[in-house]
1. With viscosity set to 1.306 mPa s at 10 °C, what whole-number translational diffusion coefficient in µm²/s follows for chain B from Stokes-Einstein and a Kirkwood radius over Cα pairs?
2. Between A:A49 and B:Q63, take the C-beta separation as r, use R0 = 45 Å, and let me know the FRET efficiency to the nearest 0.05.
3. State, to one decimal in nm², a quarter of the convex hull surface area for the C-alpha atoms of the stretch C:202-246, i.e. the direction-averaged projected area.
4. Residue by residue through B:288-301, how many Cβ atoms from other chains fall within 10 Å of the Cβ on average?
5. Note the direction-averaged projected area, equal to a quarter of the hull surface, for the Cα convex hull of chain A, in nm².
6. Could you tell me which of rounded, prolate or oblate describes the stretch C:127-201, using a ≥ b ≥ c as the square roots of the eigenvalues of the alpha-carbon gyration tensor, with rounded for a/c under 1.5 and, failing that, prolate when a/b is larger than b/c and oblate otherwise?
7. Of all DSSP beta bridges in the protein assembly as shown, what percent run antiparallel (nearest 5)?
8. Exposure proxy check: B:W132, A:W192 ranked by fewest other beta carbons within 10 Å?
Amino acid sequence: MLRFVIRRLLLAVTTLFAISIITFVLFFAVPSSPATVMCGKNCNPTQIAQVEHRLGLDQPLIDQYGTFVKGIFAGRTIGEGDFARECPAPCLGYSFRTDEPVLDIIKRTLPVTVSIVIGSAILWLLIGVSLGMASALKKGTIFDRLAIGTSLVGASLQVYFFGLVLLLIFVYSTGWLTAPSYTPFTQNPGQWAYGLILPWITLGFLNSALYARLSRAQMLETLSEDFVRTARAKGLPKTKVYTRHALRAAITPIVTIAGLDIGAALGGTVITETIFGLQGLGKASVQAVEDLNLPIVLATVLLAATFIVAMNIIVDLLYAVIDPRVRLG
Amino acid sequence: MRLKIGALGVGVLTVALVASGCSKTTDDSDSSGGDKAVNVQAGAISYDAADNKAPAPAVDGGQKGGNLGVFLPDGFEHLDPARAYVNVAQMADQLLVRTLTGYREDGKGNLKVIGDLATDPGTDVNKDCKVWQFKLRPGIKYEDGTPVTSKDVAYGVARSFSPDLSEGPHYIQQWLTDKGADYNADYKGPYNGGAALPPGVTTPDDQTIVFTFAKPHCDMPYAATLTTTAPVPAAQDKKTDYDRRPFSSGPYKIKSYQLGNSLVLERNTNWDANTDPLRTALPDTFTFNFTLQADAVNERLIADAPADQSFLGWQDVQPAQLAKTTTPDVKARVLEGPTQYVWYYYINTQRIKDLNVRKALNYAIDKDAVLKAIGGTPAGTPATTLLSPTVAGYQKYDAFNAPATGDAAKVKELLGSTPPPALVLAYANTPPRAAQAEAARKSLEAAGFQVTTKSIDPTNYYTEVGRKDNPYDIYLGGWGSDWPDPGTVIPPLFDGRQITPTGNQNLSYFNEQSVNTEIDRIGTLPSASDRAAAWAALDKKIMTDFAPVVPAYYDGAYTLVGSKVGNAFDSSAFGWPGLINVYVKP
Amino acid sequence: MSVSPDDPYLQVRDLQVQFPTEDGLVRAVDGVSFSVRRGQTLGIVGESGSGKSVTSMAVMGLHNAARTKLAGEISIGGTNIVGMHDEKIREMRGQDMAMIFQDPLSALHPYYKVGVQIAEAYRVHHPSASKAEAAKRAVDMLDRVGIPQPQRRAKQYPHEFSGGMRQRAMIAMSLVNDPALLIADEPTTALDVTVQAQILDLLEDLQREFNSAIIMITHDLGVVAQIADDVLVMYAGRAIETGSVEQVMRSPQHPYTWGLLASVPSLHGDAEIDLVPIKGNPPSLINLPSGCAFNPRCRYAGQNGNRSFTEAPELRSTGQDGHHVACHLSAADRLRIYQEDIAHAGVAQ
């Protein structure tokens, strides 16, 4: 177990290094220089050179990468003379555009994305999985058909459509809700939840649909397993057969997929954030790409990769906990 | 040459798209304007004591108090007065800092440059536009109650020389050093042991500041409206962090500023209305909301929910939303009018040397279709002149009398037996620009031209077309003046002596001796009104005699305000509604 | 309800099991009757799809009532479970009748320890038993089915067991409540040959010990020969031949039984002899051939004019006590064909 974790962590670190290098190289493969973006309307060769120098873009690529990595582990000094700023580890640099420390941007945007993901994940797991399980148990009944029909609709809807429809209905037309906004949980949990209801419903409902279908299929498959028949042959009551025996087995692949989905979503729910005007990690990263804002691009790409890698490890560990046949090593 | 945040598709940063100085964003799809009667810009610099008197004239029906909100997608890049160059930042800075001069606008299109910190728009000491002296009004205080001095203004100018704070306008710096873009080669601001005073600036006493230029710069009263001249006390200079909290000399100070989220301003109790000829400063607080996307901003303003009624939008209505703004209730809350931007199809005169062909192009392009591609009339109105109607001295004329939809017959008549040349039409690869390029291509082909379209990465667009040896014949570009004077339009765009291998703003690569000479002559005319008239005449001459561009359309602003926002009007200087004299209706 | 020890513990009469499907009605079991006494073993033989497993599931009351049409009588210890309330059947299941399945790896839950699974089966029917008692009972049962170190083994997962050990554990689980009736559905098919024999021996031992009635479902007449007292041969949902093992093995009457016998590589037989498999495939249970369902595969179907194609044969006594066959061939023909074509080949024994 420990060996597994160590091995996976080493692999994760290697992966993240590789991703950071690829991001770096790709970034500089883009024909436009961030300096031409940053100098705005003052752009002339002199200005561009000045800005490039200020951003460190005039250094060899390998040095820039070295500086970046050093900053993460040991911190670094950014700027020269009176403008030198200490950027303590983990230093992700400053936004090319607004000079804001990237770490601050992450601290500001990540809670938004995490809030969106946590709330909607709870919704989609609760609703999706229970709906799917229930309709598997009631296969062929009106309930099943309704649930599957609804989830088919849900699965074919898109966030940008469904989200906008919800906004139109609940905010613009009826005014039942105020437009979504983010209040930190620590500041006011009620406001936090109230401001995120629509994004939660949007992502929650759409993913519920997918998870309902997935759960139903998994449950149906499990119900036809021999060990479920054995459980019934033992004379176990239905509830025990369904929960202790069938659900336990059916849930395993769902845990895997949910883990990876959540990991991917933590990297940024771009469309949801955009539609509801929430300043999350996804929006920050897309904006950064458009601005050629390398420090933010690197940080968000690495963060998203970290989430996915971490969730992969967690899912594998969970898998081993759930299924005794899985051996880590 | 003011940069403006347009209606940006998916959060595209304006600056990102304006690679070449003051050209307009390539991703703009903004809409506005209608056929409203254009208020011709008088653009007067007023020394009239009545105009320069503080306090500012009372606002009709103005009410003190309340919170006025502004929806601004994506927020500000910089509020530091040395670094603010985008119109929204400059408009917000008007609440936080005072500058030597400023614009007094009455909402009817009348704009006057008067003294703000200074008692008047500046004294041209030797009547040669080379030495400018400003006297500060007495009794102006910072938010901590300390007095504003001319030394602080000088310090503000000095720090704007720093390469680390170089995002703002560079007029005064370049005029002081007379070194063009290399203005900070010798002086890099008061940092790292640099002198406290920039070259050419003196402060004989705490109330006086004098700028001495090597060449005449009669536009100094205009240039002094820029936040370059905002006072910064050296003790308060937090360098790059000053961006987060500029020290207030205006009626408001920063209460809280969360990047990417909101900016809240509260009253600066040390501000005295009796020292300020521009600002009535009626609301108690201002709240800037940065969290909404362009379409969400206007969706909410259309809905006008109680919480949003005291908000206005610094965001043009998107084409898809225009239909919702036609109901009388909403229509009454629309602010529309021309901005300082004009869009041209630049004709590369190095490649299209035949004047007849350039004239023919002026007949061939269907300006209506080009406008329709980005939302129709609200996006702008067809243009015939080089100068925008918001610019001082603007004279309406039409050198060709071509219908806005183009005139293919006239093209054939002009070209006669000459076969129309094959053209390469370049465009920035964004949906609105691509749609416009398609419309232009169709009309050109209908007129007999063979057209090859070439898409260019939007972030690189102005860099590409700004290369002297670019392989394109015709391309769209927007230009707006940094102050409503033709001197910020015609010289940068049509002075052939400024052509360099890269980074050009004269995108037609137009170099005509007679025009260059006339530009120099107008620059030395002592009277502002004489200059304005001469620029207007030159505008007409360039189009009639040389046709280096096809004026496509005058850009329009089309924004919304909530039902409780009072005295909101499009600023002639900034394009969108300014904040210094708005109020919240009870 | 009590039954005298001489009465059959399980009495099945005219059992019909049908599944309505979108393609039509599947007549999986069509009028099958049989009985088993305690201490006795009935072998039910047939190919897959013959209805033998469906029959055993019906006896266990495991068919989904919503999707199955059940008719006839299944009397277990004097209680007819056809039409009985699900909950009542559940209470009997595992207690009065228990079942062991073909593949113990898939039949045991992969996520629970073997001991836990056995204890769970015990506690359902002994709600008053404590967890510790149930766990002890599980270990005892593992010991009883011949698993070494049962204490340690009880704490292992099914995947940590070998195939034979798993089947022993499965047997332990099914016997944990001392059921009077044990149904073994191909219990040795998934095991290798040496282990097969051990498991069959174990079942025989346990039967002696518990005096259970056993139904052995198999397609392997070799297994039947070793363990069963009586045999029921099923084809296409019907019983086509029944009798004692002696009768069916020594003088099989139905051409299908001949085929089955021929396809068995006898444990004790001569491996050199060619197998004579039954040609063709079992018929669709939705569209049975008219007449005798076996007719498309029967070499002798034409021997009685068209009867085999028009009339389904009834199960009739062969004349020997308890030996019945459903075939249109006359007794004389069957004897002749058997002696000339089949026994001659020396396959039956």
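1. Numbers: Rh = 24.2 Å.
So the translational diffusion coefficient is about 66 µm²/s.
2. On the way: r = 52 Å, r/R0 = 1.15.
With a Förster radius of 45 Å, E is 0.30.
3. Numbers: hull surface 13.9 nm².
Convex hull of Cα atoms, orientation-averaged projection: 3.5 nm².
4. On the way: counts 0, 3, 2, 11, 5, 6, 0, 3, 10, 1, 0, 6, 6, 0.
Other-chain Cβ atoms within 10 Å of each residue's Cβ, averaged: 4.
5. On the way: hull surface 89.0 nm².
Mean shadow area of the hull around the Cα atoms is 22.2 nm².
6. On the way: a/c = 2.38, a/b = 1.43, b/c = 1.66.
Because a/c hits 1.5 or more and a/b fails to exceed b/c, the stretch C:127-201 counts as oblate.
7. On the way: 86 of 128 bridges.
Here the share of antiparallel DSSP bridges comes out near 65 percent.
8. Working: B:W132 26, A:W192 18.
Lowest to highest Cβ neighbour count: A:W192, B:W132.
Where a number appears in this text, it was derived from the coordinates with a stated rule and is not lab data. All values reported here derive from a predicted model rather than from experimental measurement. Every residue, glycine as well, gets a Cβ built from its backbone with ideal geometry; the counts of neighbours run over all protein chains shown.
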